[in-house]
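This report refers to the structure that appears directly beneath it.
The values are calculated or read from the model by the stated rules, or taken from the named source; none is laboratory data. Every value quoted in this text rests on a predicted model; they were computed, and no experiment measured them. All Cβ positions, glycine included, derive from the backbone under ideal geometry; neighbour counts span all protein chains shown. Remember, those area values only see protein heavy atoms, side chains included, never the ligands or the DNA or RNA. Shrake-Rupley method; radii C 1.70, N 1.55, O 1.52, S 1.80 Å.
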Amino acid sequence: MVTTHNLGFPRIGAQRELKFALEAYWNGKSGLDALRDTGRRLRKTHWAGQQGLDLLPVGDFSFYDQVLDMSFTLGNLPERVRDFRGDPLDNYFRVARGRSASHGDCGCGHGVQAGEMTKWFDTNYHYIVPEFSASTSFSLDASRLLEQLDEARALGIPAKPVILGPVSYLFVGKSKDGSSRLDLLPRLLPVYAELLDALASRGVEWVQIDEPALVTELDPGWAQAYAAAYQALNTGKVKILLATYFGQLLENLPLACALPVQGLHIDAVNGAADIEPAIAALPRDTVLSLGVVNGRNIWKTDLNRVLDLLEPIHARLGDRLWIAPSCSLLHVPVDLNSETALDGDIRSWLAFALQKLDEIKLLARALDGGRAALRAELQANQAAIASRRNSPRVNKPQVKAALASIDAALGRRQSPYPLRAEKQAGLLKLPAFPTTTIGSFPQTAEIRQARLRFRKGELDLAAYKEAMRAEIALAVREQEVLGLDVLVHGEPERNDMVEYFGEQLEGYAFTQYGWVQSYGSRCVKPPILFGDITRPQAMTVEWITYAQTLTQKPMKGMLTGPVTILNWSFVRDDQPRSVSCLQLALAIRQEVLDLEKAGVRIIQIDEAALREGLPLRKSQWSDYLGWAVESFRIAANGVRDETQIHTHMCYSEFNDIMPSIADMDADVITIETSRSDMELLDAFDSFNYPNEIGPGVYDIHSPNIPTQEHISDLMRKAGRRIPAERLWVNPDCGLKTRAWSEVIPALKNMVAAARALREA
Ligand code: GLN
Ligand code: ZN
């Protein structure tokens, strides 16, 4: 019999119940008991949804983040929260978000510095970074895990506790004093051993230990740590399923297969090439768990194809074969059945978490009992796969033809930057240190209200457009009064910089409840890129040209770039990401050319998520950067020399991708730099970055208003790195999350600082 299991389930709830319970608690509207109740209820619901699998994950539920859970389990609390005397869950929220609930009875009246947050491998999930120093010590607090285990047991759930493994735990953390994290391993392992003992003494047979670091390029020290760690944990009291995911083990495969564990899980979707070498390398009695259903996307699995793969493996491995999703289902929405508004065709192509588990169960039944008994189910699956493959909404010959005709010339500007810069300067007549903003102005309650009423049908299109035009007029007026040099329309008509474009492109679908946890209570609802991309009509021209009629100053057209649209969507699995990206590039290129035709002289193409898309392994970076930069260039570079192209990037390390940034060849790049005290500019300086740069001088993530002095100081620092004639003055990012009462004085100071610089 094939064993079926799951690595983790989305915890936020099909209707985002956890989000609302957390926020109610944090806002003082409910108590800890109510929150804990919601947690219990969700766990119960989620286990019920997973029923039928042989082993269910326990301990994957979290009130905020599974890595922070592990820090608490290991007793690795930052020094600054150690003297807390209230409920441990309140202390947990203090590390997660800087404070606990806003009601007075948790005893934590004042806030603390929140733990740093960063992206979990190559996903859009953010975890709280464990903090280490030379003096870090560990001590076990198994209460959370044991409670959840007892709960599962009481419900009769076949429980497989899930924990983050010791090497990956150190790997994803950060040393605060420059000491080596690996030096902590000997201190850490006894605590893990104690935890495994505690689980064993409750009769646990299998424990899933996650070690995703194994799919990355490991320095020798880290690779060696694996052998030491699992030698120490192999006490024979519980069986260990070592889980790797998100990619291929590649050069780490011999290492992973030689570890003294009882089972190994590999990502058979993203690391399919590992399967045969793993079978060859694993000891004869070690379980091989194959993650054959993609835990990172929303597509139905081609079950017959997977059975073609699995049947011969099953014949060889017998009971040693386990099957599961490729990774935790944390990264997909819960239930497709909630999507009642989704078009029937598209719906038939999709599978969310619950549907993916049904696929696992079906695969196991087909492996154990043969495909014949499941004719109807397999035929239905086959029909859905074929419908998607043959759909004219997915495959559009004219898009394929356009892609085939792409040549190098498409991504090239007419002239090199110095020549363009001269022509643009003659035309735009901007002062030195030109001032601008990144695009959005405050998304006020009125704007959101109007959008909501429009969606509900309470406001007709004409009235909605009128309301948005009034917002644009207001933003233009304010910018004129402020004396900014290059204006923006303010983006009131956009709920989200990706969704806005997705909604107008053909080849995109939207869900109602397709929420995926981003961090804590925050979720995103990525649009689904399902088909070849076309742009039926102009998407932004009407708004920008309207805005331009209101001012003599140049109005900057505002677009989201192809790479960012791609990286913030669920994308196709039937063609390479690079192909989808190029299709998006062609659509954005049409928009750019339409803007130019309409007389827009400056066009900004945001690539906020360019760096985010970097693959886990450095060896694959150049491939990604190659097509990502090419896509941007195709989108941007069809314009005349006189048209000025801007791009914008949010906080990014630029050092290791500098040549690619320069390759984008935007006339102006604006970046988020203010918190780095302009140090991020060093990368541009040492690379001799040739084009213009607007380093952010206003930290828009903070409600604080920067003084003129502070901005001048930042600009002086920028001037030490970048020649003055190539510097712009602008905020770090868009202003949509700020209030006008913050934005106006801040920009006033910014404009004053720029004027002072011109006179100096
Ligand atoms: N133009 C967008 C805005 O101003 C850019 C947002 C971003 O970089 N994340 O909102
Ligand atoms: Zn930004």
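Out of the trypsin sites (Lys or Arg not before Pro) in the stretch 666-725, which ones are loop residues according to DSSP with at most 15 other C-beta atoms within 10 Å? Numbers along the way, then the final one.
Numbers: sites: R675, R716, K717, R720, R721; in loops: R720, R721.
Filter output for the stretch 666-725: R720.
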Enumerate the whole-percent occupancy of each 10 Å bin, from 0 to the last occupied one, for all C-alpha pair distances of the chain. 2, 13, 22, 25, 20, 13, 4, 1, 0
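Where nothing but the Cβ of Lys and Arg (+1) and of Asp and Glu (-1) is charged, how large is the charge dipole of the stretch 626-713 around its Cα centre, in debye to the nearest 20? Before the final figure, lay out each step's value.
Details: 3 positive and 17 negative charges, 64 e Å.
Dipole about the Cα centre, nearest 20: 300 debye.
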For q values of 0.10, 0.11, 0.17, 0.18 Å⁻¹, compute log₁₀ I(q)/I(0) with the Debye formula on a Cα-only model of the stretch 622-753, without solvent. -0.34, -0.41, -0.91, -1.00
Cut-off 12 Å (backbone N to label point 7 Å along Cα→Cβ of L428), residues of the stretch 739-760: none
The stretch 119-248: relative contact order from alpha carbon pairs under 8 Å, six or more residues apart, as a whole percent, is 30
Column: log10 I(q)/I(0), Debye, Cα scatterers of the stretch 250-334, q = 0.19 Å⁻¹: -0.85
For the stretch 414-573 the mean separation of alpha carbon contacts under 8 Å (6+ apart) over residue count, i.e. relative contact order in percent, is 23
Mind checking which of Y624, P333, A718 is farthest towards the positive end of the chain's charge dipole, using Cβ charges of +1 (Lys, Arg) and -1 (Asp, Glu) about the Cα centre? P333
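Show me the trypsin sites (Lys or Arg not before Pro) within the stretch 249-304 that DSSP assigns to loop and that have at most 12 other Cβ atoms within 10 Å of their Cβ. Show your work: numbers first, answer last.
Details: sites: R284, R296, K300; in loops: R284, R296, K300.
Here the sparse-neighbourhood loop sites are R284.
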Please work out the Cα center distance from the stretch 633-695 to the stretch 524-581, rounded to the nearest Å. 20
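Take every DSSP beta bridge with both residues inside the chain and express the antiparallel ones as a percent of the total, to the nearest 5.
Details: 10 of 64 bridges.
Percent antiparallel among DSSP bridges in the chain is about 15.
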Sites E679 and R375, calculated FRET efficiency, Cβ-Cβ separation with R0 45 Å, nearest 0.05: 0.10
Please name whichever of L757, V287, Q414 sits farthest to the positive end of the charge dipole of the chain, dipole taken about the Cα centre and charges placed at Cβ: Lys and Arg +1, Asp and Glu -1. Q414
Peptides 380-388, 45-53 ordered by average Cβ neighbours within 10 Å, highest first: 45-53, 380-388
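What percentage of the solvent-accessible surface of the stretch 137-190, computed with a 1.4 Å probe over protein heavy atoms, is contributed by carbon and sulfur atoms? Walk me through the intermediate numbers first.
On the way: 1130 of 2180 Å².
Ligands and nucleic acids excluded, carbon and sulfur give 52 percent.
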As a test of the definition: which semi-axes, in Å, follow for the stretch 126-240 when you take the square root of five times each eigenvalue of its alpha carbon gyration tensor? Largest first, please. 26, 15, 14
For the stretch 144-154, in order, what is each residue's ³J(HN,Hα) by Karplus, 6.51 cos²θ - 1.76 cosθ + 1.60 with θ = phi - 60°, in whole Hz (x at glycine and Pro)? 4, 5, 5, 4, 5, 5, 4, 4, 4, 4, 4
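Return the calculated 222 nm mean residue ellipticity for the chain, to the nearest 500 deg cm²/dmol, obtained by summing -39500 (n - 2.57) across DSSP H runs with n ≥ 4 and dividing by the residue count. Let's see the in-between values first.
Values: 27 runs with 316 residues, N = 760.
Result for the chain, helices only: -13000 deg cm²/dmol.
With every protein chain left in place, what is the accessible area per residue of the chain in square angstrom, probe 1.4 Å? If you can, show how the numbers build up before the last one.
Values: 29120 Å² over 760 residues.
Value for the chain: 38 Å² per residue.
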Classify the stretch 389-510 as rounded, prolate or oblate from the Cα gyration tensor: take a ≥ b ≥ c as the square roots of its eigenvalues, call it rounded if a/c is under 1.5, otherwise prolate when a/b beats b/c and oblate if not. oblate
For the pair D37 and T737, how long in nm is the line joining their label points, each one 7 Å along Cα→Cβ? 3.2
Span from the the stretch 67-94 Cα centroid across to the the stretch 377-445 one, whole angstrom: 45
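Could you give the length gained on full extension between Q113 and A258, defined as 0.36 nm per residue of separation minus the Cα-Cα distance, in nm?
Working: separation 145, 0.36 × 145 = 52.20 nm, distance 4.16 nm.
Full extension of this stretch gives 48.0 nm more.
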Grab the eigenvalues of the alpha-carbon gyration tensor for the stretch 552-594, scale each by 5, take roots, and send me the semi-axes largest first in whole angstrom. 27, 11, 5
Taking every C-alpha to C-alpha distance in the stretch 543-689 and binning by 5 Å from 0, the per-bin percentages run 2, 9, 19, 21, 19, 15, 10, 5, 1, 0
Given Cβ charges of +1 for Lys and Arg and -1 for Asp and Glu, the option among G344, T673, G531 whose Cα lies farthest towards the positive end of the dipole of the chain is G344
Quick one: go through the stretch 614-630 and flag any residue whose amide nitrogen is under 14 Å from the point 7 Å out along the Cα-to-Cβ line of S578. 615, 620-630
Treating each Cα of the stretch 474-591 as an identical point scatterer and ignoring solvent, apply the Debye formula and state log10 I(q)/I(0) at q = 0.15, 0.19, 0.23 Å⁻¹. -0.75, -1.00, -1.22
Hey, rough spin-label estimate for N390 and A315, points 7 angstrom out along Cα→Cβ, what's it come to in nanometres? 3.0
Which distance in Å, rounded to a whole number, links the C-alpha centroids of the stretch 448-487 and the stretch 167-190? 51
When only Cα pairs under 8 Å and 6 or more residues apart are kept, what is the percent relative contact order across the stretch 206-345? 21
Reach of K176 by Cα under 27 Å, taken over lysines that are not fewer than 8 positions away in the same chain: K119, K618, K717
Taking the C-alpha atoms of the stretch 575-656, how large are the radius of gyration and the largest Cα-Cα span, Dmax, in Å? 13.9, 43
